[in-house]
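What follows is a set of notes on a single structure, which appears directly below.
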Amino acid sequence: MSISEFNASFYERFYENPRTRVTTPEEMSLRATAIAGLVQYLEMPVKRILDAGCGMGWMRPGLERAFPQAEYVGLEVSDHLCQRYGWVQASLATYRARRRFDLVICYDVLQYLTDREAARALVNLARLCRGALYFHAPTLEDWRKNADRSTSDSNVRFRPADWYRARLNRGFRHVGFGLHVRRGVPVVQWELEAPWSV
């Protein structure tokens, strides 16, 4: 998709219209609470948050409740949303910040990028994050088994989950439920709380 397609009608269809939206503010609030709870459980300090591809900012209130002293930065490519909400306008593949972030959220963003852009964005996530990364993108497997095709955006690039895992593993350690910790950051995790392969 081109950047111009992330316009008012895109967000009306996938986020604002109750009949066609892919998620709700309530669901995103629960997701923010879950992410914050996992980060707090791992005793990771959070002073700076990057919500990369923040969309309408529905995770922001939950994150700010959990981390009231933290600085929140909403990053978005959509000109429409940046004008409406005041987000920082940039692509995750090229965005630079003067200081790194303790918590980075990247939820449902990379499927809109080409393989090359997505690979660059994953490298950039490792550069931007000094603590925890919550990462999610719908995969080829999700499209086959999990997605509600009546509301899901099919105009995206579905990649195998292993494509993402291989690139995330270079800079992060997966600790479960989509949460990754920057390699070298010490966290204690009990054996049966950690992800394992079957």
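Read-outs: derived from the displayed coordinates by stated rules, not from any lab. Worth saying up front: this structure is predicted, and the values here are computed from it rather than measured. Counting neighbours? That spans all protein chains shown, and the Cβs are built from the backbone with ideal geometry, glycine included.
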Give, in nm to one decimal, the length gained when the segment between Leu30 and Glu5 is fully stretched (0.36 nm per residue of separation minus the Cα-Cα distance).
6.2 nm
Based on DSSP, what percent of beta bridges with both residues in the chain are antiparallel, to the nearest 5?
30
At a Förster radius of 25 Å, what calculated FRET efficiency corresponds to the Cβ-Cβ distance of Ser197 and Arg96, to the nearest 0.05?
0.10
Multiply the residue separation of Asp142 and Arg183 by 0.36 nm, subtract the distance between their alpha-carbon atoms, and state the gained length in nm to one decimal.
12.1 nm
No solvent, one uniform scatterer per C-alpha: report log10 I(q)/I(0) for segment 3-182 via the Debye equation at q = 0.15 1/Å, two decimals.
-0.87
Which whole-number percentage describes the relative contact order of the chain, with Cα contacts under 8 Å and a sequence gap of 6 or more?
19
